[in-house]
Amino acid sequence: MIPTESTNKNRIKNRIRTAAGLAILSISVFLSGCGSSTMVQTETEASDGLISVAFSEVGAESDWRVANSESMRTTFTTENGYEFYFEDAKGKQENQITTLRNYILQGVDYIVLDPVIETGWDEVLEEAKDAGIPVIVVDRMIDVEDEDLYTAWVGSDFQKEGETAMEWLEDYLEEQGRADDEIKILHVVGTLGATSQIGRTAGLEDGVAAHENWEIIAQVQGEYTQAKTYEVVSELLKETQDIDVIYCENDNSALGAIQALDEAGISYGADKDVIIISFDATAVGLEACMEGSINLDVECNPLHGPLVEEIILQLEAGETPEKLAYVEETYFTPDMLTEELIESRGY
C-alpha cells in the first residue's frame, strides 16, 4: 500500500491520538473467546513525536519465536524513536484478530503481524486499510484476495529451505555409499497451515518425488514443540523402528524426536542409524548439531526487526518498499560449528 495524502493525514491524526491514548493501551486488558491477555508496551507512558509500532506475535512456542520477538523489541525502542506494543497470541488466530482490532481502535502508526495461519485475514486487514494503518507481515505469509491489504512481507523462503535440506541429503547419502538404498523418512510436521510448514513440507515432498528409492513412511503432527513431537514420535516407534531419516520442521521438534529415540535405544546423528534434519538453527539446535545429534540444521533467520524498520523508514519518507523482503540464510552441519560461532549469532 503506497501512502497517500489522506493516509498521511490519518497518520497525523493517529499520532495525536497516540500521544493521548496509547498510555492507556499499555495497561489495558482485553478478553477474547479463549481467555485473557495483556497488552505490553516498552514504556509506561506514550511520548509525542514517536512512531507507534504494534506487533502481534504468534506465541512463544519455540526458541526461534522468542528470538523473533526480541528482535522486534530491541529494534523498536524509545531511544530509536518508537513506541512499541506487543501481544502474544498464544498460537490462536482469534486472539490475533482481537489484538489487531484493538491496535486499529487506538490508532497506531504501523501494525506488524506474524500470522498463526495464512487464511482468514481479509476482513480485519480491510479495517486497518480503511484506518490508514500500513500492515507489515513477517515470517508466515497470508493469503488474501487483495494483496494491497498489506504493505510488505519480511521473512524466509521456506520452500527453498526444504529444497536445501533435500539437496544436502542427496549429497550425504552419496558420500555414505547409500545413494541406491531404500530410504525411509519420518516427517514431523509443524503447525498445519503455517507458511513455514507449507514450504518445508513442499520441499520434502518434491525431494522424495525426485527419488524413486525415497519414501515418507509417516507424517506426524509435532506442532513445532518438543513435548508434542516427543509424544507422537514415541508412539510411532512402538509400531516401527525402520526409519532412516527424521525430517523435523524446527529445532524444538528435533529435540523431541531425539528424546524419543534415546528412550527407544536407537542411535541417531552423525554416522549413526537415523539421520536427523532440522530447521531454524537456534542456539539450542546448533548445540545439538555441533555435538553430532543433528546431522543438518537449516537456518531460518528470526532477526526481522531491522528489515521491518527499513520498510517503516521508507514509508515515512514517502517511498514504496519492495513487496517481499527475504532474510539471508545458510545451513549448518557438525563440522561447521564451534562454540564461538554459536555464541556470536545472537539466537
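The set of residues in the stretch 132-159 being β-branched (Val, Ile, Thr) and in contact with a His (Cβ under 8 Å, 6 or more places away or on another chain) consists of VAL138, VAL154.
Counting only residues that are outside any loop (DSSP other than H, G, I, E, B), at pLDDT below 95 and among the small types (Gly, Ala, Ser), how many does the stretch 56-75 have? The number of residues fulfilling the criteria is 1.
Is it the case, given these coordinates, that LYS228 is modelled with pLDDT of 95 or more and among the basic types (Lys, Arg)? So LYS228 fits the description; yes.
The set of residues in the stretch 205-223 that are farther than 23 Å from GLU239 by Cβ and open to solvent by less than 20 Å² (accessible area, probe 1.4 Å) contains only GLY207. Residue-level check: of (1) modelled with pLDDT of 95 or more; (2) open to solvent by 70 Å² or more (accessible area, probe 1.4 Å), ALA20 misses just (1). Restricting attention to the stretch 101-132, the residues that are farther than 16 Å from TRP153 by Cβ, among the aliphatic types (A, V, I, L, M) and touching a residue at least 40 places away in the same chain (Cβ under 8 Å) add up to 2. Do we have any residue at all in the stretch 261-271 that's under 21 Å from the mean Cα position of the chain (by Cα), in contact (Cβ under 8 Å) with a residue 60 or more places away in the chain and not in a strand (DSSP E or B)? The answer is no, given that none of the residues of the stretch 261-271 is under 21 Å from the mean Cα position of the chain (by Cα), in contact (Cβ under 8 Å) with a residue 60 or more places away in the chain and not in a strand (DSSP E or B). Scanning the stretch 241-281 for residues that are among the charged types (D, E, K, R) and on the phi < 0 side of the Ramachandran plot gives ASP242, ASP244, GLU249, ASP251, ASP262, GLU263, LYS272, ASP273. A Cβ distance below 8 Å, combined with a sequence gap of six or more or placement on separate chains, defines the contacts here; from the stretch 336-347, residues that are within 12 Å of GLY285 (Cα to Cα) and open to solvent by less than 60 Å² (accessible area, probe 1.4 Å) reach residues that are part of a loop (DSSP other than H, G, I, E, B) and not hydroxyl-bearing (Ser, Thr, Tyr) in the pairs TYR347/PRO302; TYR347/LEU303. In the stretch 68-93, the residues that are closer than 19 Å to GLN106 by Cβ and open to solvent by 10 Å² or more (accessible area, probe 1.4 Å) form Cβ pairs under 8 Å with partners that are of a type in the set (Asp, Glu) and in a strand (DSSP E or B), at six or more places apart or across chains, as follows: PHE86/GLU57; ASP88/GLU57. Listed by first and then second residue, the pairs linking a residue in the stretch 190-204 that is more than 12 Å from PHE279 (Cβ to Cβ) and open to solvent by 10 Å² or more (accessible area, probe 1.4 Å) to a residue that is among the acidic types (Asp, Glu) and not in a helix (DSSP H, G or I), with Cβ atoms under 8 Å apart and 6 or more places separating them unless they lie on different chains, are THR191/GLU223; GLY193/GLU118; THR195/GLU118; THR195/ASP139; ILE198/GLU118. When THR229, THR240 are checked against the criterion of being of a type in the set (Ser, Thr, Tyr) and open to solvent by 20 Å² or more (accessible area, probe 1.4 Å), a single residue qualifies: THR240. Scanning the stretch 157-177 for residues that are over 24 Å from ARG140 (Cβ atoms) and open to solvent by less than 10 Å² (accessible area, probe 1.4 Å) turns up LEU169, LEU173.
When the residues of the stretch 285-305 are filtered to those that are open to solvent by 10 Å² or more (accessible area, probe 1.4 Å) and at pLDDT below 95, the one that is nearest to SER69 (Cα to Cα) is LEU303.
The values are calculated or read from the model by the stated rules, or taken from the named source; none is laboratory data. Computed from a predicted model, the values in this text were never measured in an experiment. No Cβ is skipped: glycine too gets one built from the backbone with ideal geometry, and neighbour counts run over all protein chains shown. Remember, those area values only see protein heavy atoms, side chains included, never the ligands or the DNA or RNA. Shrake-Rupley method; radii C 1.70, N 1.55, O 1.52, S 1.80 Å.
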